[in-house]
Amino acid sequence: MSDGALDYGNYLKVDEIISLQELVSEQHGKPAHIEMLYIVVHQVYELWFKEILHELGSVIEMFDNEYVNEKNIGEAVKRLKRVTAVQELLIEQIKVLETMTPLEFLDFRKYLGTASGFQSYQFRILENRLGLKPEDRIMYAQKTYLQELSGRRKELVEESEKQTSMFDAVASWLERTPFLELSNFRFVEEYKAAANKMLDAEAAALSGADELPEEVLKIHIDAIEASRKGFESFLDSSEHQRLVNNGQRRLSFQATMAALFINVYRDEPILQLPFQLLETLVEIDENFTIWRSRHAVMVHRMLGRKVGTGQSSGYDYLKRTVDKYRVFTDLFNISTFLIPRSELPKLPDDLKTDLGFHYSATKS
Ligand code: HEM
């Protein structure tokens with residue numbers, strides 16, 4: 001195999017990859033056995049970040065159009081599910097790193113200088129491509145996240161801030177969802193009526209519950225009324241816009257209603273893949289949240305309350321990012337307003353036909 005023909009080693013550049021672990025402790029003449037693990041784990045993460053970016057970028061491209069080819073949705077779901085499978089590995093890998101004890105970490109930590117995960121530019125691009133907004137980022141040590149980067153890496157991260165994100169692409173796709181406003185079916189109105197009917201029935205059931213003490217009854221009635229107000233505000237476009245304006249919601253009213261529609265009528269054939277797509281995005285967001293939380297706890301274990309090599313407050317800073325850096329919160333919140341399938345507005349026959357496979361067979 002020395003004639004230059006492709007073999008395992010030269011195809012995968014194995015020699016190059018396994019020559020890239022340079023122990024900084026060795027360079028200081030104080031070799032720390034455990035540093036190899038630290039480097040390998042980080043490098044493996046970076047390779048997986050590359051793969052996630054590859055999948056995510058291709059899916060954004062499929063959606064970043066005036067018209068999304070229905071045939072692409074299945075492939076998009078498949079690729080996004082691949083991302084979640086990789087994320088599960090990323091979460092699991094923390095255990096491998098945790099075989100290093102805090103004392104062993106101190107054998108080489110002093111040689112790391114200001115090198116920090118802060119400077120993982122692939123991770124920053126990933127956050128941006130998913131849809132984390134620059135203005136939602138937490139400042140640390142009076143610095144923005146870009147100030148940690150320089151040269152080509154900084155340029156690539158800046159570029160990713162301007163590119164269409166997964167959030168933007170899916171939001172526009174949702175906004176274009178048909179079926180919500182038809183001459184014989186106005187989804188929002190019908191849904192409001194169905195929610196009220198359900199709450200009326202709950203209130204009526206309570207009025208016959210003589211055995212309940214008055215104060216308990218009041219708690220239940222107040223909860224029903226609070227829920228009624230919640231539905232009213234959720235299904236009101238101007239209230240929604242007010243919440244968007246003050247940063248409490250991000251998806252537009254139209255997109256939110258479309259996501260609700262897809263969620264509740266997910267069993268209709270034509271909505272099954274769109275539903276899986278939304279579910280997978282929620283799963284990706286959930287997995288990043290779990291990773292952030294897991295990484296923060298590991299940092300607490302390794303460093304206690306020490307500041308990070310990137311000069312942040314370490315554990316406290318990382319803990320704050322867990323909730324703050326979620327992207328698809330609006331999709332999670334839809335669950336508050338789901339009503340049981342038995343209470344859903346009945347779809348008119350012609351719409352039901354359109355949502356069946358018949359629709360794609362005749363109109364594609
Ligand atoms: C002993 C193990 C580790 C320790 C003690 C540690 C510590 C820290 C600390 C303290 C920060 C906050 C920034 C700073 O002040 O430096 C941070 C950020 C970060 N770390 Fe780690 N880390 C470890 C392992 C890892 C691994 C394996 C990865 C995988 C790539 C990673 C990726 C990141 C990323 C992406 C950030 C930026 C998070 C953000 O700003 O939201 N870290 N790390």
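Taking the stretch 133-158 on its own, how many of its residues are among the basic types (Lys, Arg) and within 18 Å of residue 117 (Cβ to Cβ)? Can you show your working first?
Quick first cut of the stretch 133-158, residues among the basic types (Lys, Arg) only: 133, 137, 143, 152-154.
Adding the requirement that they be within 18 Å of residue 117 (Cβ to Cβ) leaves 137, 143, 153-154.
Residues that pass the stated criteria total 4.
Looking at (1) surrounded by 15 or more Cβ atoms within 10 Å (Cβ to Cβ); (2) among the charged types (D, E, K, R); (3) more than 12 Å from the ligand (Cβ to nearest atom), can you tell me which one residue 88 breaks?
So the condition that residue 88 fails would be (1).
Kindly provide the set of residues from the stretch 261-306 that are open to solvent by 10 Å² or more (accessible area, probe 1.4 Å) and among the small types (Gly, Ala, Ser), ordered by number.
The answer is 293, 304.
Please enumerate the residues belonging to the stretch 127-158 that are in contact with a Phe, Trp or Tyr (Cβ under 9 Å, 6 or more places away or on another chain), more than 9 Å from the ligand (Cβ to nearest atom) and hydrophobic (A, V, I, L, M, F, W, C).
Selection gives 130, 132, 139, 149, 156, 157.
Within the stretch 100-109, track down each residue that is away from the ligand (no atom under 11 Å from the Cβ) and either over 18 Å from residue 30 (Cα atoms) or acidic (Asp, Glu) (or both).
Initially, the stretch 100-109 is screened for residues away from the ligand (no atom under 11 Å from the Cβ), giving 103, 107.
Correct list: 107 only.
Inspect all residues belonging to the stretch 206-221 and state whether any of them is within 32 Å of the chain's Cα centre (by Cα), among the small types (Gly, Ala, Ser) and open to solvent by less than 60 Å² (accessible area, probe 1.4 Å).
no
Might you let me know whether the stretch 327-338 holds any residue that is at pLDDT 95 or above, within 16 Å of the ligand (Cβ to nearest atom) and part of a loop (DSSP other than H, G, I, E, B)? Spell out the reasoning first.
Residues of the stretch 327-338 at pLDDT 95 or above: 327-338.
After this cut, where a residue has to be within 16 Å of the ligand (Cβ to nearest atom) as well, the list is 327.
Keeping just the survivors that are part of a loop (DSSP other than H, G, I, E, B) gives 327.
For the stretch 327-338, residues at pLDDT 95 or above, within 16 Å of the ligand (Cβ to nearest atom) and part of a loop (DSSP other than H, G, I, E, B): present.
Test residue 97 against the stated conditions and say whether it is more than 10 Å from the ligand (Cβ to nearest atom) and more than 21 Å from residue 162 (Cβ to Cβ).
On the way: more than 10 Å from the ligand (Cβ to nearest atom): no; more than 21 Å from residue 162 (Cβ to Cβ): yes.
In short, no.
Which members of the stretch 21-55 meet the condition of being open to solvent by 100 Å² or more (accessible area, probe 1.4 Å) and part of a loop (DSSP other than H, G, I, E, B)? Steps first, answer last, please.
Going residue by residue through the stretch 21-55, those that are open to solvent by 100 Å² or more (accessible area, probe 1.4 Å) are 22, 26-28, 30, 33, 47, 50, 54.
22, 28, 30, 33 - these are the residues of the stretch 21-55 that are open to solvent by 100 Å² or more (accessible area, probe 1.4 Å) and part of a loop (DSSP other than H, G, I, E, B).
Where the second residue is near the ligand (Cβ under 8 Å from one of its atoms) and of a type in the set (Phe, Trp, Tyr) and the first is more than 15 Å from residue 52 (Cβ to Cβ) and lies in the stretch 86-104, which pairs have Cβ atoms under 9 Å and are six or more apart or on separate chains?
Within 9 Å, the pairs are 97/38; 100/38.
Quick one: is residue 270 more than 16 Å from the ligand (Cβ to nearest atom), of a type in the set (Val, Ile, Thr) and not in a helix (DSSP H, G or I)? Step through it out loud before you land on a result.
Values: more than 16 Å from the ligand (Cβ to nearest atom): yes; of a type in the set (Val, Ile, Thr): yes; not in a helix (DSSP H, G or I): no.
The answer is no for residue 270.
For the stretch 110-126, which positions are more than 10 Å from the ligand (Cβ to nearest atom), under 19 Å from residue 30 (Cα atoms) and of a type outside the set (Phe, Trp, Tyr)?
Those that are more than 10 Å from the ligand (Cβ to nearest atom), under 19 Å from residue 30 (Cα atoms) and of a type outside the set (Phe, Trp, Tyr): 110, 113.
The values are calculated or read from the model by the stated rules, or taken from the named source; none is laboratory data. The structure presented is a predicted model; accordingly, all values stated were derived computationally and were not measured. No Cβ is skipped: glycine too gets one built from the backbone with ideal geometry, and neighbour counts run over all protein chains shown. Each accessible area value is taken on the protein alone, full model and side chains, heavy atoms only, with ligands, DNA and RNA left out. Shrake-Rupley method; radii C 1.70, N 1.55, O 1.52, S 1.80 Å.
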